[in-house]
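Report on the structure given below.
The values are calculated or read from the model by the stated rules, or taken from the named source; none is laboratory data. Remember, predicted model here, so these are calculated numbers, not experimental data. All Cβ positions, even for glycine, are placed from backbone atoms using ideal geometry, and neighbour counts span all protein chains on display. Areas reflect the complete protein model, heavy atoms only, side chains present, ligands, DNA and RNA absent. Shrake-Rupley method; radii C 1.70, N 1.55, O 1.52, S 1.80 Å.
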Amino acid sequence: MNKAFLIVAAFLCASLAEAKVSLPQLFQSGMVLQRGKPIPVWGKADAGESVTIQFNKKQYTTTADADGKWRIDLPKMKAGGPYQLSVNDLVIDNVMIGDVWLLSGQSNIDVHIERVYPQYVQEIDNYENSLIRLFRVQNETATHGVKDDIRPTSINWKPLNKQNAWPFSAIGYFLGKRMYEKTMVSPNRPGVAQGIIVNSWGGTPIEAWISKDSLERDYPMLVKRVAFFQNDNYVRAQMQANGEASRRWNELLDKVDGTQTYPLSTYNDSDWTTIDQNNWSWRGTGSVWLRQHINIDKAHAGKPARLLLGTLYDQDITYLNGKQIGSTGYQYPPRRYDIPEGLLQEGDNVIAIRFINKNGAVHFIPEKPYLLCFGDDRFSQNPLPKDVIPLSNQWKFHVGTEMPPCPGGDVSLQNIPTTLYNAVLYPLAPYAISGIVWYQGESNTGNPAPYADYLKKLIGCWRDTWQDQQMPFVIAQLANYDGRQQTGFPRPIAYEATPVNSSWAQLREAQRLVAKADPYAELAVLNDLGETVDIHPLRKKEAAERIGLCFDRLVFNNNKVKLSPEIIATEIKDGTIIFTLDQPIQAGQLFEFEIAGPDGIYHNAEANGSGNTIEVKSLVNSRYSVPDYGFSVRYAWKDNPTKANVRSLSGLPMSSFELKLNKQ
């Protein structure tokens, strides 16, 4: 009898031990909870299990429903902490009440502090703040519907310092720092804790971030595309085939390429062809080798250095005097390779680059630094180090081996409609947040026409997911970029002077119009922070500052903050178009204005600005100068409008725009 009792008791104890409450991945020690709003806390347990939360000397109780789900909304709180949050037997320490920001989109949100470090060396080296907490959502996709939770992540409410921020979003880093400093009453009093949640995936289109319900009525073919990838066997087979094809291609390449001898400083390259990196590309698949001899004097010999090789297309493995000093697997990251002490020798040294290419044209990216850097400041590029040896633009060139194109079957589920909303967006709600940053669009420039509708649907379905129809959104507008690195051939100089129907400008216009029509959205204009040849511009601190200004208006109701200039009225007088702006601008001659008549052909136009007025006149002596019928005006309508110069008195640029006008 006693033995039976003990068995039953042991069974009950085991069952109770297994019936533990679980919390989403967002709920971990070090977390930041949103001030000034009810704070949802939710999770899972056995059906009917009692759940008790203890927080800030108060207790809250509920019961898990029939599906094992439970939720308790804690009352609004002021900024403060640290607190301890306990849920049954779970204990979460070091909880702060402050502001929480969600940053999402594609790779320009994801660009890490490591990438932009040379722009801000001193600031990053010398700043840390335990009241700014970083959380990185782990990438995942879902084709079969929404998930309950995200995957575990290695950056889970880590305090901001150089080590934790190194693989974290640069915009997230600088936005957290900026918003914290704005809440400091005095230098001796701490500011409000800041929680930065980054949820981005490079190269993804906006459709992947929108819910099925939002797409299926107007875009049924997109939803059908998702259904095609709901066959797990097909997806698995395609991914395995793609991986095996890539492995086999590289294996065959390595068998016949001259990898053992070409990097050596003793190799005789006298019969190789000489090329100029600024006027060269190779449109084959396989590998090519480049070598450059560089003379090092006694003062620099043996010193540690950093080799800057700009940005290269596509994959490279780089050697110095026969020793590999770095490699990069794809086109976008800057090549910054550290040379250890003792490797550089007095006299002749050889830099060898092995390019590996599976598609496109192998080439150097112009307008990037190609240098050997010495000294303690060799990690900085803003400004460049004092002690540098420029590389020559002349290289010895030799084809390693040509290969057939590599077969590909990668399904790229992250690019399929709804897959990211399902896997990494939906599970974050209803975590209380202060506002959302959306920086995306590069992957939709190939077809910008539906982007405005997509963006409205994304904002709508995200607000529905949080059940907050006034959720603040800051839309980071696409920066300037001309895309020449995709081809390997610079565009003609006349390209930038000629009106073109830019797809990047069309997408920027979609972003502008959506923000303008939404009372709870603002546009951060970045069309002067880009780089002609780099789709990932490095000036992320400046971008974060403009995003922060938008939140000053949206979240903190600071109407004294002036954002980018906007047109508030239009008049046509004596053949001149007069735009009235919402604020004064920097006076003078203005560029990148264009006018078109009913034929839709745009011509450059002359413009001048003074006070809060812009006057635009056609540069051609035609009927366009005195329009008696419908016509159009546009501004900064290029992928890379480098001459656009309408700026507020504080230096913020005006967005590109296109307006249809009639004579009044």
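With respect to (1) in contact (Cβ under 8 Å) with a residue 24 or more places away in the chain; (2) of a type outside the set (A, V, I, L, M, F, W, C); (3) surrounded by 19 or more Cβ atoms within 10 Å (Cβ to Cβ), the lone exception for residue 328 is condition (1). Number of residues in the range 21-69 that are out of contact with any strand residue (DSSP E or B) (no Cβ under 8 Å at 6 or more places or on another chain) and part of a loop (DSSP other than H, G, I, E, B) equals 8. Close Cβ contacts (under 6 Å, 6 or more residues apart or on different chains) running from residues in the range 521-532 that are in contact (Cβ under 8 Å) with a residue 40 or more places away in the chain to residues that are β-branched (Val, Ile, Thr) and surrounded by 20 or more Cβ atoms within 10 Å (Cβ to Cβ) comprise 522/474; 523/475; 524/474; 524/547.
Going by the conditions given, is residue 207 under 26 Å from residue 550 (Cβ atoms), in a helix (DSSP H, G or I) and free of Cβ contacts under 8 Å to residues at least 24 places away in the same chain? When the stated conditions are applied, residue 207 does not pass them.
Selection within the range 255-286: residues that are at pLDDT below 90 and assigned to a helix (DSSP H, G or I). The member of this set that is surrounded by the fewest Cβ atoms within 10 Å (Cβ to Cβ) is 255.
One residue is enough: does the range 233-251 have a residue meeting the conditions within 30 Å of residue 370 (Cα to Cα), assigned to a loop (DSSP other than H, G, I, E, B), modelled with pLDDT under 95 and not hydrophobic (A, V, I, L, M, F, W, C)? Don't jump to the end; show me each part of the working.
Of the residues in the range 233-251, the ones within 30 Å of residue 370 (Cα to Cα) are 250.
This time we only want the ones that are assigned to a loop (DSSP other than H, G, I, E, B), so: none.
Scanning the range 233-251 turns up no residue that is within 30 Å of residue 370 (Cα to Cα), assigned to a loop (DSSP other than H, G, I, E, B), modelled with pLDDT under 95 and not hydrophobic (A, V, I, L, M, F, W, C).
Among 632, 650, which is the only one that is modelled with pLDDT of 70 or more, open to solvent by 20 Å² or more (accessible area, probe 1.4 Å) and of a type outside the set (Phe, Trp, Tyr)?
Exactly one residue qualifies, and that residue is 650.
Total residues in the range 496-509 satisfying the condition of being part of a helix (DSSP H, G or I) and open to solvent by less than 10 Å² (accessible area, probe 1.4 Å): the figure is 3. Only strands (runs of 3 or more DSSP E) whose full extent lies in the range 313-406 are considered here, and the ones with at least 2 residues that are of a type in the set (A, V, I, L, M) are 315-320, 347-357, 370-374, 387-390.
Scan the range 287-304 and give yes if some residue there is in a loop (DSSP other than H, G, I, E, B), in contact with a Pro (Cβ under 8 Å, 6 or more places away or on another chain), at pLDDT 95 or above and not β-branched (Val, Ile, Thr), otherwise no. Working first, answer last.
Just the residues of the range 287-304 that are in a loop (DSSP other than H, G, I, E, B), to begin with: 297-304.
From the residues that got through so far, the ones that are in contact with a Pro (Cβ under 8 Å, 6 or more places away or on another chain) too are 304.
So of that shortlist, the ones also at pLDDT 95 or above come out as 304.
From what is left, the residues that are not β-branched (Val, Ile, Thr) are 304.
Checked against the condition, which is being in a loop (DSSP other than H, G, I, E, B), in contact with a Pro (Cβ under 8 Å, 6 or more places away or on another chain), at pLDDT 95 or above and not β-branched (Val, Ile, Thr), the range 287-304 yields at least one hit.
Contact annotation: residue pairs with Cβ atoms under 8 Å, 6 or more positions apart or on different chains, pairing a residue in the range 355-376 that is closer than 20 Å to residue 294 by Cβ and open to solvent by 30 Å² or more (accessible area, probe 1.4 Å) with a partner that is among the basic types (Lys, Arg) and in a loop (DSSP other than H, G, I, E, B), are 375/386. Scanning the range 515-553 for residues that are open to solvent by less than 20 Å² (accessible area, probe 1.4 Å) and among the polar types (S, T, N, Q) returns a single hit, 527. Here 556, 579 are screened, and the one residue that is open to solvent by less than 30 Å² (accessible area, probe 1.4 Å) and either within 16 Å of the chain's Cα centre (by Cα) or not polar (S, T, N, Q) (or both) is 579. Filtered by the rule that a residue be of a type in the set (Gly, Ala, Ser) and either out of contact with any Lys or Arg (no Cβ under 8 Å at 6 or more places or on another chain) or surrounded by 21 or more Cβ atoms within 10 Å (Cβ to Cβ) (or both), the range 433-488 gives 434, 435, 441, 443, 446, 449, 452, 460, 476, 479, 483. Residue 118 falls short on exactly one of the conditions (1) in contact with a strand residue (DSSP E or B) (Cβ under 8 Å, 6 or more places away or on another chain); (2) farther than 18 Å from residue 333 by Cβ, and that condition is (2). Taking every residue in the range 337-349 that is at negative phi and in contact (Cβ under 8 Å) with a residue 60 or more places away in the chain and pairing it with any residue that is not in a strand (DSSP E or B) and not hydrophobic (A, V, I, L, M, F, W, C), at least 6 positions away or on another chain, the pairs with Cβ-Cβ distances below 8 Å are 348/265; 349/265; 349/321. Against the condition open to solvent by 50 Å² or more (accessible area, probe 1.4 Å) and within 24 Å of the chain's Cα centre (by Cα), how does residue 422 come out, does it pass? No. When the range 384-393 is filtered for residues that are surrounded by fewer than 18 Cβ atoms within 10 Å (Cβ to Cβ) and either in contact with a helix residue (DSSP H, G or I) (Cβ under 8 Å, 6 or more places away or on another chain) or under 25 Å from residue 482 (Cβ atoms) (or both), the ones remaining, listed by number, are 384, 390, 393. Residues that are among the hydroxyl-bearing types (Ser, Thr, Tyr) and farther than 20 Å from residue 404 by Cα within the range 224-260 comprise just one, 234. Entry remark, the range 66-103: residues being acidic (Asp, Glu) and without any contact (Cβ under 8 Å) to a residue 60 or more places away in the chain number 2 in total.
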